[in-house]
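Okay, so here's the structure we're looking at.
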Amino acid sequence: LLWWRKDSRRLEAEAFRDSLLAVSDTLETTPFGPGTLDERKPRRSIYLTVKRSNLSPLLQLFDAPDTLQGIGNRQESTVAPQALALINSPILIDLSQKFANRVRKDPSKVSLEEGIRDAYRVAFSRDPSGQELADWVSFVERQKVLHGNNEQLAFRDVCHALLCANEFAYVD
């Protein structure tokens, strides 16, 4: 009764990046060790070395903390470049392919519907509704035409869209 008006909260930049790596099954959870400047490395974001002349564009876009000064809380912005960066990012497209391979390695053994259900379970911790499932199957059929009848690339597009969804980036 008291939680009905709770506002949703977007994941912080580092948690969002780590979530992308986790669902694509590439997150390296080894603790300690040296940091890295390469944002393509699958280490947790806490191990990304902060160099003011070489900041991670994805983290900066999603309101990573300012490295020049200490601030008690972060500003949270929602702007169009965030969505555009997710849609067009080569890193995210690569992670989407890994996510698709994770939930549907062998299309001959896992049906399209079951692959979509597994993708929803991994990304959103829930099953898709009947309408969502029907919409995604229809989407895959349309995408197959664009990808030369390649169902795996069309399924990758589904996984990419799920990773770009607000439901993935926001905690309700």
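Could you pull out the residue among Q69, Q82 that is part of a helix (DSSP H, G or I) and on the phi < 0 side of the Ramachandran plot?
When all the criteria are applied, what remains is Q82.
Return yes or no: is N88 at pLDDT below 95 and either over 24 Å from S45 (Cβ atoms) or in contact with a strand residue (DSSP E or B) (Cβ under 9 Å, 6 or more places away or on another chain) (or both)?
no
Can you name the condition, by its number, that F62 falls short on among (1) surrounded by fewer than 18 Cβ atoms within 10 Å (Cβ to Cβ); (2) closer than 15 Å to C164 by Cβ?
Of (1) surrounded by fewer than 18 Cβ atoms within 10 Å (Cβ to Cβ); (2) closer than 15 Å to C164 by Cβ, only one is false for F62: (1).
Residues being modelled with pLDDT under 75, surrounded by 13 or more Cβ atoms within 10 Å (Cβ to Cβ) and over 18 Å from the mean Cα position of the chain (by Cα): count how many of those fall in the stretch 42-59.
Number of matching residues: 1.
Of everything in the stretch 104-129, what is among the hydrophobic types (A, V, I, L, M, F, W, C) and under 14 Å from the mean Cα position of the chain (by Cα)? Give them in sequence order.
Scanning the stretch 104-129 gives A119, V122, A123, F124.
Return the pairs, sorted by first residue and then second, in which the second residue is modelled with pLDDT of 85 or more and open to solvent by less than 100 Å² (accessible area, probe 1.4 Å), the first residue lies in the stretch 25-46 and is under 16 Å from A13 (Cβ atoms) and among the polar types (S, T, N, Q), the beta carbons are less than 8 Å apart, and the residues are 6+ apart or on different chains.
Short answer, once both residue conditions are applied: S45/R17; S45/D18.
How many residues are open to solvent by less than 40 Å² (accessible area, probe 1.4 Å) and of a type outside the set (S, T, N, Q) when one looks only at the stretch 21-41?
Within the stretch 21-41, residues that are open to solvent by less than 40 Å² (accessible area, probe 1.4 Å) and of a type outside the set (S, T, N, Q) number 2.
The values are calculated or read from the model by the stated rules, or taken from the named source; none is laboratory data. Quick caveat: nothing in here was measured; it's all calculated off a predicted structure. No Cβ is skipped: glycine too gets one built from the backbone with ideal geometry, and neighbour counts run over all protein chains shown. Note: accessible area is taken over every heavy atom of the protein model, side chains too, but ligands, DNA and RNA are not part of it. Shrake-Rupley method; radii C 1.70, N 1.55, O 1.52, S 1.80 Å.
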